[in-house]
Structure formats: C-alpha cells, structure tokens
Amino acid sequence: MMKCKAVRAAILGLLMTLAGAMPLAAQAGAEPGVDWARVTERDLNVASVFLTARDRGPRAALDSLERLAARDPSIRGKGHQLAHAVGRYAMEQRKDLAVLAGCTPRFQSGCFHGVLEGYFLQGGSIDRASVGNVCTGQQVARGFERMECWHGLGHGLMVHHAGNFRQALDVCDGLQADQPRRECQDGIFMERAIRAIGATSINVGGGPGIGHAHGAEGHQDHAAARTLSAADKQDGAGRAMAKVGARREREQLCSGVDAGHQRSCWAYQSMVLMSMSWPNYPRALRGCDTAPADAVRDCYQGFGKQMLGVSFGDVGKMMEACRQGDPARVTDCLMGGVEYFTDLDWRIEPGIDFCRQVPGESKPRCYEMIGARLTLAHTDPEPVRAACRQVEAAYVRACLAGAGMQER
C-alpha cells in the first residue's frame, strides 16, 4: 500500500510540475507532499496511464494514452515523450527486455525507445561484441519493431555513457548492417539534440531519472561558459558572454563529428536550429545550408519532420515553412512529412495522404520514399506491393522503385 501511495505521489508531483504547478514542499526526510487542491483533471488522467502500465503493462497503457490524446491536443503533443516514459516505467517494473513485446508503434514508437533507456538506467551493459543481440528475438519480430529498437538503443547508449556521444557511437558502429547502424546513430544524435535544447524527460516511479542538460558535452566553449557563469553570477557581461558561448556551441554541435556520422548529426541538428530560431524559419534553414554538402538534405528533411511535430501535423504550415529556405531544397524539406506520418504508428495510409498534398514536382520522390518506408515495416514483399497500389496511379512505379521492385 505504501509503495502504491509513493508511486501515485511521484506521478502527480511530476505532472503538476509539467503543468506549471508546484507541489507542496516536503519536510526534511518526509515523503514529498502533493497539493491536492492543484491537481487538475488532466493530471489525474495522465497519471492513470502509468497506473495502467503498472497493473496491465505497456500495451494497455498506450491504449489508454491514445484515448486521452484523442480528446486532448495537449496530451497528443506530449505523446512521444509520454510513451518514452511508459517504456522506462514498464522496464523499471519488469526489469526484462522482453517488455519490448508489449510496446506498440503509436506515438512515434516512443515506448520502444523508453524501454531501452530504462534498460541502461538499471545498469544494463553492452559492448561492440554484444550489441547485435539486443534487438533480436520474438519480442521484436517485425521489421518496424526492430528498426525502432535499434533507434531506442541509441537513446539508451547515451544514457549508459552519461551523454558521451562518442562512446555511444563506438558501440553503435559495431552493428554490421547499415540500417540498424544508422538507426542507432540517429537515436544517439536525437538524444544529444534533446539535451542541447534543454528538454526534460518525464520520469515516473522509483527508477532513476534522466537529466537532460542544457548544452552538450565536451565542447570548450560550453565549458568556458559554465566556468564564467559560476565565477561571475552577478556580472551582466559575464552572463551575456556565457549565453553567447552556449549558443555558439549549440550552433556547432556537428562541427567535431567525423564524416561518417555527419548525416545523422545534421538530421537532428535541425531540431536545435529550430529551437534557437523559433519562429524565424528562414534563419533555421540557413543553418541547414551550412551543413556539409551530403548532409544538407538530411537537415532540411529533419526540419520538415520537426515542423510537423511542433504544429501537430499541420501540413499547410509545414509546407509554408519549407518554402522559406533554399528553393532547390523544398522537396528535401517536404520529405520529412513522409517520415513523420509513417512514424506516427507505422501505418502507411497517412504518409500516402501526405504525398497526395505535395506539389507535383515533389510527388515522385515522395512516393519513392513511401516505398522505402514500406520495406522497413514489412519483410514480406506482397504487403509492400499492395500498399503501393493505393497511391496515385501515375506514381505506383515510383513507389515500387523506392521499395526496390518493378511492376509485374
């Protein structure tokens, strides 16, 4: 009973903090108090998701979260973050990677990512020799499940190595196949970008939490800014210099990354550029223009994907933002829509609907990317062919080509 009360208190205290409310301060050594007068209906609804995860597992919790998100856009907007937390919480309860079998692709597969984070938060260990064994077995049997598992592995390795992305990448690079290796790298750079913009994880229950620091590790400018700020807290000029140094560091997150990892880094550097420039879209996209030549496309695509995330899937707003960069890169930016809409729950129909809305010059690449995404979700070619037959008739061939197939 006491553990149950403690879990409820931790959940409600957390949710009130997220909502801008502050729980009552606890006396030294006492259990944290909960200001019940300030608990909202939304707090209780979201808390119920985690109680469902505790009692019935992550699949039922994600069902519950889906029902809440359908009624409340603000919960929908935090869906991926909450799904991460469901995965971490479920892993804390079970302490077994078999919990992955209870995850679903909803909310951009955040549950898969959170389970891997939770595994390393508990002290799970892995090296280049054993990394290939994590995302195999019946608990991650389907194509998209394995891909999301590899991506979650990247998040988890950042947790394991306390944000040291170079050590995390060294483990990822032990994966033999290209797709798992790239997904793992993407997870690392996504986690690094989240930390750089100062985002905070949702942590629930008695397990250890993830502290997302503002700014990344290992850069001299950031270290200097921290030192100056600590030594001269009252000095306005010192604070200004620290702010400039921290901004410069975030702008240059990919500057020390080797060539083989630049594309993954810039795909998520777009998140940092957007955060720093919001709502100045042209400025953010000019940042993408400074990427190495073979990574500019990734940055633009990442911007398009992030734009849909912050606008709750508003395609019109995303298209308008994409037009404010280099005109030759508009299609690159729009391709982020295919990634966004297919990642939502790994159904292809939302991605196809998106491609129907893009300008004619962007449609061939859009449908080619649909085909490529289909091959990630399905190991059997027949569902891929069936899905490609759903696209606009003029682009069936493009969809099949993206899947590496030809018309029969």
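The values are calculated or read from the model by the stated rules, or taken from the named source; none is laboratory data. These figures come from a predicted structure and were not determined experimentally. Quick reminder, even Gly has a Cβ in these numbers, built from the backbone with ideal geometry, and neighbours come from all protein chains shown. Just the protein is used for accessible areas: all its heavy atoms, side chains included, with ligands, DNA and RNA removed. Shrake-Rupley method; radii C 1.70, N 1.55, O 1.52, S 1.80 Å.
Scanning region 385-406 for residues that are under 9 Å from residue 352 (Cβ atoms) and touching a residue at least 40 places away in the same chain (Cβ under 8 Å) gives a single hit, 390. For region 284-298, indicate whether the set of residues that are of a type in the set (Ser, Thr, Tyr) and touching a helix residue (DSSP H, G or I) at 6+ places or on another chain (Cβ under 7 Å) is non-empty. No, that holds for no residue. Among residues of region 46-63 that are of a type in the set (A, V, I, L, M), those with a beta-carbon under 8 Å from a residue that is outside any helix (DSSP H, G or I) at least six positions away or on a different chain give the pairs 62/103; 62/104. Residues in region 160-193 that are surrounded by 24 or more Cβ atoms within 10 Å (Cβ to Cβ) and touching a Lys or Arg at 6+ places or on another chain (Cβ under 8 Å) were compared, and the one that is nearest to residue 272 (Cα to Cα) is 165. Filtered by the rule that a residue be under 26 Å from the mean Cα position of the chain (by Cα) and either within 10 Å of residue 143 (Cα to Cα) or of a type in the set (Phe, Trp, Tyr) (or both), region 361-386 gives 367, 374, 375, 376, 377, 378, 379. Is at least one residue of region 115-123 under 22 Å from residue 76 (Cα atoms), of a type in the set (Gly, Ala, Ser) and at pLDDT 90 or above? No - not one qualifying residue is present in region 115-123.
Among the residues of this structure, residue 391 counts as one that is open to solvent by less than 40 Å² (accessible area, probe 1.4 Å) and not in a helix (DSSP H, G or I). For region 378-388, a residue qualifies if it is exposed (fewer than 14 other Cβ atoms within 10 Å of the Cβ) and not in a helix (DSSP H, G or I), and the qualifying residues are 379, 380. Looking at 224, 199, 240, can you tell me which residue is at pLDDT 60 or above and either open to solvent by less than 70 Å² (accessible area, probe 1.4 Å) or within 30 Å of residue 118 (Cβ to Cβ) (or both)? The unique qualifying residue is 199. With respect to residue 408, is the statement that it is open to solvent by 40 Å² or more (accessible area, probe 1.4 Å), out of contact with any Gly (no Cβ under 6 Å at 6 or more places or on another chain) and modelled with pLDDT of 95 or more true? Considered against the rule, which asks whether it is open to solvent by 40 Å² or more (accessible area, probe 1.4 Å), out of contact with any Gly (no Cβ under 6 Å at 6 or more places or on another chain) and modelled with pLDDT of 95 or more, residue 408 comes out as no. At least 1 residues being touching a His at 6+ places or on another chain (Cβ under 9 Å) and modelled with pLDDT of 90 or more is the threshold, and among the helices (runs of 4 or more DSSP H) wholly inside region 1-104 those reaching it are 79-94. Here is the figure for region 361-377: residues that are at pLDDT below 95, of a type in the set (Val, Ile, Thr) and crowded, with 22+ Cβ neighbours inside 10 Å total 0.
So is residue 38 open to solvent by 10 Å² or more (accessible area, probe 1.4 Å), farther than 30 Å from residue 189 by Cα and under 22 Å from the mean Cα position of the chain (by Cα) or not? In short, no. The residues in region 94-122 that are open to solvent by 30 Å² or more (accessible area, probe 1.4 Å), under 22 Å from the mean Cα position of the chain (by Cα) and free of Cβ contacts under 8 Å to residues at least 40 places away in the same chain can be counted, and the count is 2.
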